[in-house]
Amino acid sequence: MDRLSLPAKIALFVVFGVLLFAVAAFASGNETVTSAAADAGAEVAKAAVQLGADTGVAWWVWPTVLLFFCFILGIIAVLAGVGGGVLYVPLVSGFFPFHLDFVRGAGLMVALAGALAAGPGLLKRNFASLRLALPVALIASSCAIVGAFLGMALPTNVVQLCLGITIMGIAILLLMSKNTAHPVVAKQDALSMALGMDGAYNDPSTGELVQWKTHRTLPGLLLFIIIGIMAGMFGLGAGWANVPVLNLLMGAPLKVAVGTSKFLLSITDTSAAWVYLNKGCVIPLMAIPSIIGLMLGSFVGVRLLAKAKPTFIRYMVIGVLLFAGGKALLKGLGI
């Protein structure tokens, strides 16, 4: 499958995405806005009116502030090597007067926009492997739909509490994880061979052809059940979990793990985002400035990457995540 032409790969990707949209639409039924979303909208409107009365600002001020806030997040995300979604949801839910349902919906759209922008280039360079991505995507996307419905059904304070625990766990994972550029895979397991999880890519830094294969496939696929549920439930881009599983557990090279993870987001987040769209929890007032800000920040972050000290940025992001996770925990506990 890796030998398919780029148009064929993109066509296959589009067909797969349409199928996931159909499954999500069938699962969501004909209901467009739940009572929870309606209550959330009333709460956001009340908060906006109260903020306007207290501060004397116009309605467009908060989207403008969100645009610049996401611009900074986009720079930090590139420098730290994390997806924007994992920073977006805890920080925006903690510091902006938006209901968590809308923040999660916008967070999925933010992660999806970045993944769709990067997908074709990753496929063209064989940094993203369809053979590796499609079995994983089928599991993670199905579970993301379940996670999205679960997140919409649970009380907001429970979701906020779980989000805080998850974000703090992500910070600890980032602190402890040590990715390997070229993991040693002595023998490819039977499931990996059956699914064709191997390939090759040209490393531009060395000019050599890197051959790779995977192992421990079954435990890796089982972990993506949990990753998919968490991605849909919290509206997080799951790159923070995809890369360690693909790289450290299954033995994919780091560049293939990162590229395939980015490609996976375009499939996994699509299925979960459709549920939030169908429930009325994605509003342009938040999604548009968030996406524009993060994309512009990413362009600046790429230019600053050569000059920045990645170790300092990494620890700064871990500190921010710990702070945001603690704030989400306190909000979930009503403190």
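The values are calculated or read from the model by the stated rules, or taken from the named source; none is laboratory data. If you're wondering where the values come from, they're calculated on a predicted model, not measured in any experiment. Here Cβ is always computed from backbone atoms with ideal geometry, including for glycine, and neighbour counts include all displayed protein chains. Note: accessible area is taken over every heavy atom of the protein model, side chains too, but ligands, DNA and RNA are not part of it. Shrake-Rupley method; radii C 1.70, N 1.55, O 1.52, S 1.80 Å.
Taking the residues in region 115-135 that are open to solvent by 20 Å² or more (accessible area, probe 1.4 Å) and small (Gly, Ala, Ser) as candidates, determine which candidate is farthest from residue 289 (Cα to Cα). Once the filter is applied, the top-ranked residue is 121.
Scanning region 91-108 for residues that are among the hydrophobic types (A, V, I, L, M, F, W, C) and touching a residue at least 40 places away in the same chain (Cβ under 8 Å), which turns out farthest from residue 234 (Cα to Cα)? Out of the qualifying residues, it is 98.
Quick check on this structure: which one of 171, 144, 137, 133 is modelled with pLDDT under 85 and among the small types (Gly, Ala, Ser)?
171
In summary, residue 206 fulfils each of the numbered conditions (1) closer than 27 Å to residue 126 by Cβ; (2) touching a helix residue (DSSP H, G or I) at 6+ places or on another chain (Cβ under 8 Å) with the single exception of condition (2). If you check residue 290 against the conditions, is it at pLDDT 85 or above, among the hydroxyl-bearing types (Ser, Thr, Tyr) and part of a helix (DSSP H, G or I)? Here the answer is yes, as residue 290 does meet what is asked.
Note on region 193-213: residues that are among the polar types (S, T, N, Q) and in contact with a strand residue (DSSP E or B) (Cβ under 7 Å, 6 or more places away or on another chain) total 2. When 138, 173, 163 are checked against the criterion of being open to solvent by 60 Å² or more (accessible area, probe 1.4 Å), of a type outside the set (Gly, Ala, Ser), touching a residue at least 24 places away in the same chain (Cβ under 8 Å) and in a helix (DSSP H, G or I), 173 stands alone in meeting it. If you check 280, 326 for being open to solvent by less than 50 Å² (accessible area, probe 1.4 Å), modelled with pLDDT of 80 or more and at positive phi, only one passes: 280. Listed by first and then second residue, the pairs with beta-carbon distance under 7 Å, at least 6 apart or on different chains, first residue in region 270-286 and in contact (Cβ under 8 Å) with a residue 40 or more places away in the chain and more than 13 Å from residue 103 (Cβ to Cβ), second part of a loop (DSSP other than H, G, I, E, B) and not hydrophobic (A, V, I, L, M, F, W, C), are 278/32; 279/34; 280/32.
If you filter region 141-160 down to residues that are closer than 30 Å to residue 334 by Cβ and polar (S, T, N, Q), you find that the one that is least open to solvent (accessible area, probe 1.4 Å) is 160.
Considering only region 187-198, I want to know if a residue exists there that is open to solvent by less than 50 Å² (accessible area, probe 1.4 Å), out of contact with any Lys or Arg (no Cβ under 9 Å at 6 or more places or on another chain) and touching a residue at least 12 places away in the same chain (Cβ under 8 Å).
No, the conditions are met nowhere in region 187-198.
Does any residue of region 201-224 turn out to be part of a loop (DSSP other than H, G, I, E, B), open to solvent by 70 Å² or more (accessible area, probe 1.4 Å), on the phi > 0 side of the Ramachandran plot and modelled with pLDDT of 85 or more? Yes, some residue in region 201-224 is part of a loop (DSSP other than H, G, I, E, B), open to solvent by 70 Å² or more (accessible area, probe 1.4 Å), on the phi > 0 side of the Ramachandran plot and modelled with pLDDT of 85 or more.
Evaluated against (1) assigned to a helix (DSSP H, G or I); (2) within 30 Å of residue 184 (Cα to Cα); (3) at pLDDT 85 or above, residue 252 falls short on exactly one condition, (1). So, residue 288, is that one closer than 18 Å to residue 145 by Cα, of a type in the set (Val, Ile, Thr) and open to solvent by 20 Å² or more (accessible area, probe 1.4 Å) or not? No; evaluated as a whole, the condition is false for this residue.
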